[in-house]
Structures are given as C-alpha cells and as structure tokens.
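Everything on this sheet refers to the single structure shown next.
The numbers here are math on the coordinates, done by the rules we state, and not lab data. Just so it is clear, the structure is predicted and the values come from calculations on it, not from any experiment.
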Amino acid sequence: MKTTLEIPDLLFRRAKSAAAQRGIPLRQLVTEAVQEKLKTTSQEKPWMKHVGRLKHLHKERKQIESRVEEAFEHIDREVWH
C-alpha cells in the first residue's frame with residue numbers, strides 16, 4: 001500500500017543514508033523499522049509479567065498506603081519552615 005508520511009528532514013536524511021549504507025531502498029528500511037517497533041511494543045513489558053503475581057499482596061498494599069497517608073497527615077511544621 002502506498003501512503004504519505006511526514007517526518008523531520010534530519011530524520012529523513014539519516015534514514016536515507018542508513019538505507020544507502022545497507023544497500024536497500026528507503027521503503028524497505030522503513031518497513032523493517034515499523035515491523036521491529038510493532039514487535040517490541042506488542043510484546044508484554046518485562047516488568048508486567050510479575051504484576052499478576054503480586055495480586056495476593058493487595059491487603060498489604062492497602063495497609064501500607066493507609067499508613068503512608070496517616071504519616072503525612074502529621075507534618076512537623078518546624079522541619080518544613
């Protein structure tokens with residue numbers, strides 16, 4: 001499919017130069033770059049795989065949040081002035 005893209009001049013020149021150095025057309029470089037970006041963004045973020053494993057700590061997290069809020073309700077004004 002043909003389309004029109006607007007990219008900054010400097011980026012265009014760098015991409016054109018990179019394609020020439022690799023001996024490939026600019027459209028191939030752009031296609032490969034988009035494929036690579038889609039591959040990395042569609043994969044789960046490395047830290048996300050652990051999020052579900054912490055579900056059992058929900059009560060503890062709520063307790064910690066509550067204690068932090070309580071602690072910050074009592075500010076020593078002499079320290080902050």
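Of the cross-linked pairs Lys37/Lys59; Lys2/Lys37; Lys16/Lys39, which ones have a Cα-Cα span greater than 26 Å in the structure shown? Exceeds cut-off: Lys37/Lys59. For Lys55, no aspartates and glutamates have a Cα closer than 13 Å to its Cα, not counting residues fewer than 8 places off in the same chain. Residue-wise HN-Hα couplings along segment 11-18, as the Karplus relation 6.51 cos²θ - 1.76 cosθ + 1.60 with θ = phi - 60° gives them from phi, are 5, 4, 5, 5, 5, 4, 5, 5 Hz; Gly and Pro carry x. Compared with the direct C-alpha span, the chain from Glu65 to Val34 gains 7.1 nm at full extension, assuming 0.36 nm per residue.
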